[in-house]
Amino acid sequence: MTTVESKAQSGELADRLYNAHETYKESTLTQRRFKQKDILPLIAKRQGNPLYIIEKAGDSFEGRPIQMITAGKGKKKVLLWTQMHGDEPTATMATFDILNFLEGKNDGFDDFRKELLEKTTLYFVPMLNPDGVERYQRRTVQGIDMNRDAAARQTPEAVILKGLVDQLKPDFGFNLHDQSPRYSAGRSPKAATISFLATSYDYELSINAVRERSMQLIVGMNKILQKYIPGQVARYSDDHEPRGFGDNVQKWGTTLVLIESGGYVGDPEKQYIRKLNFMAILSALDKIADNSLTKEKRDHYYDIPENGRWLYDLVVRNATVKQSGKSFTTDLGINRNEVNYANASKFFYYSKIEDFGDLHPQYGSQEIDATGLTVEKGKVYPTAYKNLGEISKLNAFNLLKEGYTYIRLAPDAGTRSLGLYFIASPLHVLRSGQATPAGTPGLGNTATFILKKGSKVKYAVVNGFVYDMENYAATKGQGIIE
């Protein structure tokens, strides 16, 4: 057994990769909504580097070049592709971190790199759907879900990927995605930060040697990840999808691992999850290189809990609602939805009450125990303001403490053309002519309300974000303009 093998098996290699990630993190990619123009220079600067072969794999529907970066000269061929869904960028960031790692030297990883590049050939296809990326949308510009286009191949991007699988005949494939941050790891309050799938190649969910290796790789990665995100690894249902690329690549003879990057509280730009991808993928490649994956027990794959739909961004529990002269207790489930702007290079949040009633089987990434508190509509401040600059200067804490959540713009404020928009202040701005919300906030309403104990405001919820009046620390807010 080599030193590299023993270190990998003990988890030491993974720990070292985790701790070293900052050294290799691609500094030009710091937020999720980058475009192809941001990664093309990262590929171009590697032209002429003897470590790589860089070639064009084809063009997207709109003519954007899709490129492949090859590293290594080993017999085991591994194809890794990212962003076949345009709004799923975490693994693209991690890919360039991995490329930076492959170029390192004299950093304690030389033996690992040498073994990896001698025993495997790595084919990276970052950003397979650049047209979708341009719009930060899941589907291609044709409106087709590329991950459901493996059979018909109506998109040029699907034709490219199928062509690469046919041409390269990879032993292993990594289909790298992002998933909703509201998936839970089983029936639990923990978000599924990383989810896996050993895709099924038939409706019977058969397990041959090809799929068994997928399970073994996933078991190995799960062991590593549990140290860093305990209880936050999940797996998708094995149900066969005959149109899916993962299912078909497995059927065509390539051991396929699907990785989905989900949610982690406090990591909206997925920089921590990017780090986990870097560590987990390189650790998996190590297991492929030294064949230690065969020591993993495939049955442990089924010990990983399935993805669940049990999470809201915010749950308010046991709140008292007064309606038609009567009182009752209810829970509110609130989600903060991203709205793109600036050519989909930025986003703001627009939050709604998506469920109302008994939510005891569900959880919130954030929760408020509103026992003894009453939900009320916030008040509209009596002064109308000429512009957002004036509103930004208001003392939001004082307003919220008095129960004012809504600020109205004057008729000549000139914001009608903006549509739904945001303000970096914890206030809900109403344009001139916008109706004042009526009654107690309920299902489908924008999530702005107050929680009172008697006459005292305990919490203000503005656009789905919570402000504690006894521990107020907001220097900025996630306000909304309607």
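The values are calculated or read from the model by the stated rules, or taken from the named source; none is laboratory data. Computed from a predicted structure; not experimentally measured. Please note: Cβ atoms are built from the backbone with ideal geometry, for glycine as well, and neighbour counts cover all protein chains shown. Side chains included, ligands, DNA and RNA excluded: accessible areas come from the protein's heavy atoms. Shrake-Rupley method; radii C 1.70, N 1.55, O 1.52, S 1.80 Å.
Scan 409, 332 and give me the residue that is at pLDDT 95 or above and of a type in the set (A, V, I, L, M, F, W, C). Steps first, answer last, please.
Numbers: 409 fails: at pLDDT 95 or above.
One residue alone meets the criteria, 332.
Quick one: what pairs do we get from the stretch 36-52, first residue of a type in the set (A, V, I, L, M, F, W, C), second assigned to a loop (DSSP other than H, G, I, E, B) and open to solvent by 50 Å² or more (accessible area, probe 1.4 Å), C-beta under 8 Å, 6+ apart or different chains?
Listed pairs, sorted by first residue: 42/28; 51/103.
Condition check: among the charged types (D, E, K, R), touching a residue at least 24 places away in the same chain (Cβ under 8 Å) and not in a helix (DSSP H, G or I). Does residue 111 satisfy that?
On the way: among the charged types (D, E, K, R): yes; touching a residue at least 24 places away in the same chain (Cβ under 8 Å): yes; not in a helix (DSSP H, G or I): no.
It is false that residue 111 is among the charged types (D, E, K, R), touching a residue at least 24 places away in the same chain (Cβ under 8 Å) and not in a helix (DSSP H, G or I).
For the stretch 116-141, give me each residue that is charged (D, E, K, R) and either crowded, with 20+ Cβ neighbours inside 10 Å or under 30 Å from residue 179 (Cβ atoms) (or both).
Across the stretch 116-141, the qualifying residues are 131, 134, 135, 138, 139.
If a residue must be within 19 Å of residue 211 (Cβ to Cβ) and among the acidic types (Asp, Glu), how many such residues does the stretch 284-332 contain?
4
Sort through 454, 419, 433, 444 and tell me the only one that's within 20 Å of residue 317 (Cβ to Cβ), of a type outside the set (A, V, I, L, M, F, W, C) and without any contact (Cβ under 8 Å) to a residue 24 or more places away in the chain.
Values: 419 fails: within 20 Å of residue 317 (Cβ to Cβ); 433 fails: within 20 Å of residue 317 (Cβ to Cβ); 444 fails: without any contact (Cβ under 8 Å) to a residue 24 or more places away in the chain.
Criteria check complete, one pass: 454.
Does the stretch 109-116 contain at least one residue that is of a type outside the set (Asp, Glu) and touching a Ser or Thr at 6+ places or on another chain (Cβ under 9 Å)? Working first, answer last.
The first filter runs over the stretch 109-116 and keeps only residues of a type outside the set (Asp, Glu), leaving 109, 112-114, 116.
Of the ones still in play, those that are also touching a Ser or Thr at 6+ places or on another chain (Cβ under 9 Å) are none.
Within the stretch 109-116 (the criterion being of a type outside the set (Asp, Glu) and touching a Ser or Thr at 6+ places or on another chain (Cβ under 9 Å)), the answer is no, since none of the residues qualifies.
So which of 357, 333 is surrounded by fewer than 15 Cβ atoms within 10 Å (Cβ to Cβ) and touching a Leu at 6+ places or on another chain (Cβ under 9 Å)?
Details: 333 fails: surrounded by fewer than 15 Cβ atoms within 10 Å (Cβ to Cβ).
Checking each option against the conditions leaves just 357.
Is it the case, given these coordinates, that residue 307 is open to solvent by 20 Å² or more (accessible area, probe 1.4 Å), closer than 14 Å to residue 178 by Cβ and in contact (Cβ under 8 Å) with a residue 12 or more places away in the chain? Before the answer, list the steps.
Details: open to solvent by 20 Å² or more (accessible area, probe 1.4 Å): yes; closer than 14 Å to residue 178 by Cβ: yes; in contact (Cβ under 8 Å) with a residue 12 or more places away in the chain: yes.
Judged against the criteria, residue 307 is a match.
For a quick check of your reading of the model, give me the residue pairs whose first member lies in the stretch 68-88 and is free of Cβ contacts under 8 Å to residues at least 60 places away in the same chain, whose second is open to solvent by 10 Å² or more (accessible area, probe 1.4 Å) and of a type in the set (Asp, Glu), with beta-carbon atoms closer than 8 Å and at least 6 apart or on different chains.
That search, which allows pairs on different chains as well, returns 70/55; 72/118; 73/118; 86/134.
Would you check if residue 181 is under 11 Å from residue 262 (Cα atoms) and either at pLDDT 95 or above or of a type in the set (S, T, N, Q) (or both)?
On the way: under 11 Å from residue 262 (Cα atoms): yes; either at pLDDT 95 or above or of a type in the set (S, T, N, Q) (or both): yes.
Taking the combined requirement at face value, the residue satisfies it.
When you check residue 352 against the structure, is it part of a strand (DSSP E or B) and closer than 23 Å to residue 453 by Cα, yes or no?
On the way: part of a strand (DSSP E or B): yes; closer than 23 Å to residue 453 by Cα: no.
No: the conditions fail for residue 352.
Tell me which residues, restricted to the stretch 424-482, are surrounded by 13 or more Cβ atoms within 10 Å (Cβ to Cβ), charged (D, E, K, R) and modelled with pLDDT under 95.
Matches in the stretch 424-482: 431, 482.
The rows are residues; the columns are (1) over 31 Å from the mean Cα position of the chain (by Cα); (2) under 28 Å from residue 456 (Cβ atoms); (3) assigned to a strand (DSSP E or B); (4) among the aromatic types (Phe, Trp, Tyr).
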| site | (1), (2), (3), (4) |
| --- | --- |
| 359 | no, yes, no, no |
| 368 | no, yes, yes, no |
| 371 | yes, yes, no, no |
| 380 | yes, yes, yes, no |
| 383 | yes, yes, yes, no |
| 394 | yes, yes, no, no |
| 399 | yes, yes, no, no |
| 413 | yes, no, no, no |
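Only one of 348, 245 is under 22 Å from residue 133 (Cβ atoms), more than 17 Å from the chain's Cα centre (by Cα) and of a type in the set (Phe, Trp, Tyr). Can you tell me which?
Working: 348 fails: more than 17 Å from the chain's Cα centre (by Cα).
Result of the check over 348, 245: 245.
Would you check which residues across the stretch 54-108 are β-branched (Val, Ile, Thr), more than 27 Å from residue 347 (Cα to Cα) and buried (at least 20 other Cβ atoms within 10 Å of the Cβ) and list them? Before the answer, list the steps.
So in the stretch 54-108, the residues β-branched (Val, Ile, Thr) come out as 54, 66, 69-70, 78, 82, 90, 92, 95, 98.
From what's left, more than 27 Å from residue 347 (Cα to Cα): 54, 69-70, 78, 98.
Result: 69, 78, 98.
Name the single residue that is nearest to residue 348 (Cα to Cα) among those in the stretch 34-53 being open to solvent by less than 10 Å² (accessible area, probe 1.4 Å) and in contact with a strand residue (DSSP E or B) (Cβ under 8 Å, 6 or more places away or on another chain).
43
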